[in-house]
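Read-outs: derived from the displayed coordinates by stated rules, not from any lab. This is a predicted model, so every value here is computed, not measured. All Cβ positions, glycine included, derive from the backbone under ideal geometry; neighbour counts span all protein chains shown.
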């Protein structure tokens, strides 16, 4: 299993828009074969960092998800929403192998 960790630098004045963007992606990741663990919005402390975590059985399956997302109409709509709102300024992506009990 591989878990994708996304760290976003968000516009603090557009948190509602970013949260809407996040809610669009959760079911899309699930639809395309992943398990979404949620988005984590700023609360106390830093006001411009949000996180997302989702997993796939393997890095190869994550790459298949990326290929499918590139041509999926709903994913393209989510990306249009991002371009229209500019609700985040940048992001970084890392991959981790989870350890469970």
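Here the mean projected area of the convex hull built on the C-alpha positions of the chain is 6.7 nm².
Values of log10 I(q)/I(0) for the range 10-50 across q = 0.29 Å⁻¹ run -0.96, by the Debye formula with one identical scatterer at each alpha carbon and no solvent.
Here the label points at residue 35 and residue 94, each 7 Å from Cα along the C-beta direction, are separated by 2.1 nm in the simple model. Separation of the range 83-101 from the range 1-60 is 6 Å, based on Cα centroids. For the chain, the relative contact order is 47 percent, taking Cα pairs closer than 8 Å that sit 6 or more residues apart in sequence and dividing their mean separation by the residue count.
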